[in-house]
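Okay, structure first, notes after.
Rule-based calculations on the coordinates, nothing more; no lab input. None of these values were measured; they are calculated from a predicted model. With ideal geometry, Cβ positions are generated from the backbone for all residues, glycine too; neighbour counts draw on all protein chains shown.
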Amino acid sequence: MHACRFLKLIFIIEWIKALLLRSKLFTRLATKLVYLLPNSLGNLVSGIEIQQESRHAIADFLNHSSFQTINLIDVGCFKGGFLKAFQSLIRKRILSIGIDPIRHNHIVPYSAFVEAAVANRLDGIYDFYEYNDPSLNSLKRIITSDVSHNGQKRNRKFLLKNHVGTLAVRTVKTMRLSTIIKRFKMENEIIHFLKIDVQGCDLEVFLSLGEYIKNCLFVQLETIYSKDKNMVVYENQTIFEEEKPIIEKLGFKLFSCVDFSEIGTNPEADVIFVNEEIIRTHNLENLLRRVMRGNTFFI
């Protein structure tokens, strides 16, 4: 009986997801749904996250550009929900590279998969922390004194759904993104979309591109939007106010920001930056302006 009810619930979620994937009007509802569901159910609809308005605009931009193949690198790809949603928007061939230190059963196959963590350090073997909530797994340790599952402490601490417990510390192969770029002979290729979601290490992963930072057109990172260096989850984790000037100095402009604290969750945000030099050198300014026209989510 319980199994039957659970299957019905999954069917309902998938039906809702199908509707959301086809409508820009409900993208904000999609985001709320992902973050309000329990972790196990939220994973079922994690791909909806890409359906926010800014990503529809990016898809329109890429679809109308002269690029024949769209290169996607998905760092922290987990089960591939992001790729599935990305494929639903892009009408061109996609070359996708998924990267994760743990191999999961992917919803859709990547063109290539790299089983490794990514960091801006020498390639090698490093400690990887696994927690009772796998969405928290990271190369960094959680600061347990700064997190809580008590909603009354929302303004002082990061809220997690359950008590944090370290299940294991394993060693994993760790690489720079620049190493992966060379492995796949993409030194002279544009990375049209780089998505990073690696629990506290996003800026470090981006910087690990080194000289190939200039190859990225759009880059999405998850960031801390607390405006308080003491309100983070992981040791030595940076916040948005620290990351933004570093990324802008490298030639990127803030393109959009989705602040999840607005829907009652923790002060986190998905931010997307665009490489202004690639836009200029490929004469894409008019196309970008046309796609952006009438949209209010751009910074």
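Residues THR69, THR179, THR238 in ascending order of nearby Cβ atoms (within 10 Å, fewest first): THR69, THR179, THR238.
Arranged from fewest to most other beta-carbon atoms within 10 Å of their beta carbon, ILE58, ILE181 become ILE181, ILE58. Bridging of LYS173 to aspartates and glutamates at a Cα separation below 12 Å is possible for ASP100, GLU115, ASP123, ASP127, once same-chain residues fewer than 8 apart are set aside.
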